[in-house]
Amino acid sequence: MQFSPAFLAAAALLSASAAALAGAPATLKVKILSLNDFHGQLESPGTFRAKATDPAVPAGGADYLAGYVAAAKAANPNTVVVSAGDLIGASPLVSALFHDEPTIEVMNRIGLDFNAVGNHEFDDGKVELRRMQRGGCHPIDATNSCRGAEVGTPVPFEGARFDFLAANVVQRRSGETLFPPYGVKTFEADGRKVRMAFIGMTLKETPQIVSPAGIKGLAFMDEAQTVNALVPRLRAAGIEAIVVMIHQGGVQTGTTADINACEGGLEGSPIKPIVAALDGAVDLVLTGHTHSAYNCQLPLASGRLVPVTSANAIGRVLTEIDVTLDRRTGDVGAVQALNKVVDRSNTAIVPNAEVAAITSAYKAIAAPVANQVIGAIARDVPNTKDAACNMPAGELVADAQLSATAAPELGGAQLALMNPGGVRNPGFLYAGSGVGEGDGNVTYGEAFTVQPFGNGLVTLTLTSQQLKDTLEQQFPNCFGQTSFARVLLPSNGVRYEWDHTQACGSKVRNLSVALPGGTVTVVDAAGTVLEPARPWRVTVNSFLADGGDAFTVLKGGTNRLGGGQDIDALVSTMAQFKAPNPPYDPLAAGLGKPRLVRIDAGTSCP
């Protein structure tokens with residue numbers, strides 16, 4: 001039989017291809033780089049150590065983060081970069097002043113592929129979050145949005161070139177997810193393609209810790225059930241490698257502070273029962289939310305152990321995961337995870353010059369605002385808590401909010417309450433910062449770091465009974481509270497005792513409020529509310545007023561009056577302590593401390 005030259009050439013090509021495939025390795029090495037809780041931290045937040053016995057090294061910064069990513073990609077082109085949520089929100093001024101557009105632009109250049117939506121992505125609501133994905137200028141703030149011409153990025157704002165993922169965030173009206181439930185990354189080598197799915201989710205408790213107004217119309221579904229429902233869909237599409245990225249996490253219970261340990265097995269942490277309910281098809285779980293670092297092996301519903309990791313927060317740690325994929329079946333073989341400090345002193349890493357230039361340009365634009373001295377302090381005013389949960393920085397914030405709303409025309413507030421989660425690290429430090437303002441002086445940028453959320457103030461009326469119920473709702477699992485304590489910081493003049501050993505509803509005693517006409521006892525030593533219907537004008541931020549942090553009693557407050565921004569109240573109060581006036585002293589006798597007194601024998605704030 002005779003064959004044409006064309007046929008013979010084609011046959012030879014097929015034979016060569018088959019031989020090449022036959023000689024190709026049976027597996028493909030893929031690298032996953034994961035971060036979480038970046039919070040717009042474009043600059044290095046300072047030093048960090050991988051474990052307690054290691055020396056501290058300068059860590060983080062978007063330029064070095066980009067350098068680590070580039071080095072990994074150079075070593076293995078089959079690299080995917082992901083985030084387990086809170087990429088933006090609660091950000092430093094260099095990002096927040098510009099509505100977090102700088103962080104999105106920088107992450108585009110770093111090469112982020114997917115971001116699982118975290119609770120802080122909802123800080124400014126779902127509409128603004130969609131703008132982060134799609135691009136375009138801020139609808140109201142033309143001054144601080146779309147500044148790309150000055151920093152070397154496109155105008156209008158380009159939006160994320162990576163995908164936001166939100167598998168368990170569902171629009172009630174349509175039943176569709178707010179963002180895609182998962183993304184797929186295809187890796188190709190030697191003519192074979194292998195796909196890996198990344199499912200992204202936020203914690204189902206998000207409605208309890210963000211402003212309800214921003215998530216109106218959204219439902220946050222059970223995390224494990226969401227994943228398990230997607231597994232058949234992915235399998236039907238021929239995808240066997242499944243990674244879960246969830247903005248929920250845990251903490252180690254030991255004392256070694258080793259970022260690659262798993263002391264205590266995350267026992268008691270929210271993430272553990274979620275992992276334990278996941279389908280056996282899941283190969284890897286990347287977590288966040290708790291700002292902790294760990295490298296665990298935890299069991300799925302099938303009992304099979306899978307890696308469960310977290311990379312600390314604010315860009316100080318990067319989780320590097322090597323995954324072996326079967327080229328023929330797409331199944332995951334070996335998985336090896338390692339948490340690495342983003343070490344700025346590592347001479348093998350080349351920082352990304354473009355990312356550094358964008359950050360520097362935004363910092364220069366923000367400098368006139370950030371470096372303005374707004375007041376002075378006599379000593380540190382930290383955001384650390386004592387056993388009774390008193391926090392100096394939170395008390396200052398509460399006092400500022402009361403001062404801003406005490407006038408009758410501004411609300412007639414008699415007291416203020418501040419949520420501790422809204423007072424960020426490190427509080428107010430006496431030592432001067434790098435901008436040269438001098439020791440003791442507080443800049444706007446430092447104040448913004450403590451109060452980055454841009455919440456409005458709301459003054460509302462609560463009865464004495466509602467006030468008592470609000471304070472009872474501070475404690476874990478009490479009146480709808482989550483499993484975490486959220487002890488509010490009261491303004492000057494408020495004092496009460498609490499006993500954590502008592503049942504819910506009976507923990508708060510001896511609550512009193514100092515008024516110009518004298519001190520009023522609201523709750524007596526037995527825990528009895530003396531005048532249950534007596535009205536009180538109480539100032540909280542808009543987050544709390546809408547039931548944030550599970551303070552649902554506050555939603556029942558009446559005669560609401562909106563006020564200014566929380567940061568403006570803080571700036572106004574600090575102006576009273578600006579030279580030549582004496583500095584603010586958190587130990588001053590007139591501040592009525594301690595405001596919270598713990599009766600039981602507990603030694604740390606729960």
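The values are calculated or read from the model by the stated rules, or taken from the named source; none is laboratory data. Given the structure is predicted, the values throughout are model-derived calculations rather than measurements. Cβ coordinates were reconstructed from backbone atoms using ideal geometry, including for glycine residues, and neighbour counts include every protein chain displayed. Heads up: the accessible areas ignore ligands, DNA and RNA and are worked out on the full protein's heavy atoms, side chains in. Shrake-Rupley method; radii C 1.70, N 1.55, O 1.52, S 1.80 Å.
A few remarks follow.
- Taking the chain and dividing mean pair separation by its residue count, relative contact order in percent (alpha carbons under 8 Å, at least six apart): 14 percent
- Debye, to nearest 20: dipole size of the chain, +1 on Lys, Arg Cβ, -1 on Asp, Glu Cβ: 840 debye
- Here the peptides 462-468, 423-429 are ranked by packing, the mean other Cβ count within 10 Å, and the order with the highest first is 462-468, 423-429.
- Paramagnetic label zone (point 7 Å from Cα along Cα-to-C-beta, Ala189; backbone N under 20 Å) in segment 66-95: 69-82
- DSSP assigns beta bridges within segment 150-290; of those with both partners inside it, close to 50 percent run antiparallel.
- Subtracting the Cα-Cα distance of Gln372 and Asp331 from their residue separation scaled by 0.36 nm leaves 9.1 nm.
- Taking all protein chains together and a 1.4 Å probe, the residues Lys29, Lys272, Lys204 rank Lys29, Lys204, Lys272 from largest to smallest accessible area.
- Taking only the C-alpha atoms of segment 81-227, the Rg (one decimal) and the largest Cα-Cα distance, Dmax (whole number), read 16.1, 51 Å.
- Distance between the modelled labels on Thr27 and Ala71, one decimal in nanometres: 2.5 nm (7 Å Cα→Cβ projection).
- The stretch between Lys216 and Val155 holds 18.9 nm of extra length on full extension. This uses 0.36 nm per residue minus the Cα-Cα distance.
- Here the contact order of segment 159-261, divided by its residue count and restricted to Cα pairs under 8 Å and six or more residues apart, works out to 28 percent.
- Spin-label proximity, Asn559 to segment 389-418 - amide N less than 16 Å from point 7 Å beyond Cα toward beta carbon: 405-416
- Using alpha-carbon coordinates, inclination of helix 101-110 to the longest axis of the chain, degrees: 30 degrees
- Segment 344-403 - Rg (one decimal) and Dmax (whole number), Cα, Å: 18.8, 52
- Estimated FRET transfer efficiency (Ser512, Asn346; beta-carbon r; R0 51 Å; 0.05): 0.35
- Note on segment 200-332: Kirkwood radius taken over Cα pairs, Stokes-Einstein applied at 20 °C and 1.002 mPa s, translational D equal to 135 µm² s⁻¹.
- Crossing angle, helix 125-134 versus the chain [Cα axis fit, 0-90 degrees, rounded to tens]: 30 degrees
- Taking every DSSP beta bridge that has both ends in the chain, the antiparallel portion is near 70%.
- Using R0 = 25 Å, the C-beta based FRET efficiency linking Arg130 and Ala229 works out to 0.55.
- Ranking Thr519, Ser433, Pro476 by how far each Cα lies toward the positive end of the dipole of the chain (charges on Cβ) leaves Pro476 at the top.
- Note on Leu338 and Glu354: their simple-model spin labels are 2.8 nm apart, each label 7 Å out from Cα toward Cβ.
- Counting 0.36 nm for each residue step from Cys504 to Ala237 and taking away their Cα separation leaves a gain of 91.2 nm.
- Restricting the calculation to Cα atoms, segment 410-481 shows an Rg/Rh of 1.11 when the hydrodynamic-style radius is the Kirkwood one.
- Excluding ligands, DNA and RNA, the accessible surface per residue across the chain is 40 Å² with a 1.4 Å probe.
- With respect to the chain, whose longest principal axis is taken over its alpha-carbon atoms, helix 62-75 is tilted by about 20°.
- Rel. contact order, % - alpha carbon contacts under 8 angstrom, at least six apart, segment 254-358: 21 percent
- Estimated distance in nm for a label pair at Ile140 and Thr53, the labels positioned 7 Å out from Cα along Cα-to-Cβ: 5.3 nm
- Of the three principal axes defined by the Cα atoms of segment 287-441, the extents in descending order read 73, 43, 30 Å.
- Radius, Kirkwood style, for segment 417-567 when every pair of distinct Cα atoms is counted (Å): 16.8 Å
- Surface share of carbon and sulfur [accessible, 1.4 angstrom probe, percent] for the chain: 55 percent
- Cα-based reach from Lys507 at 22 Å (exclusive), listing lysines while leaving out same-chain residues under 8 positions away: Lys385, Lys468, Lys555, Lys593
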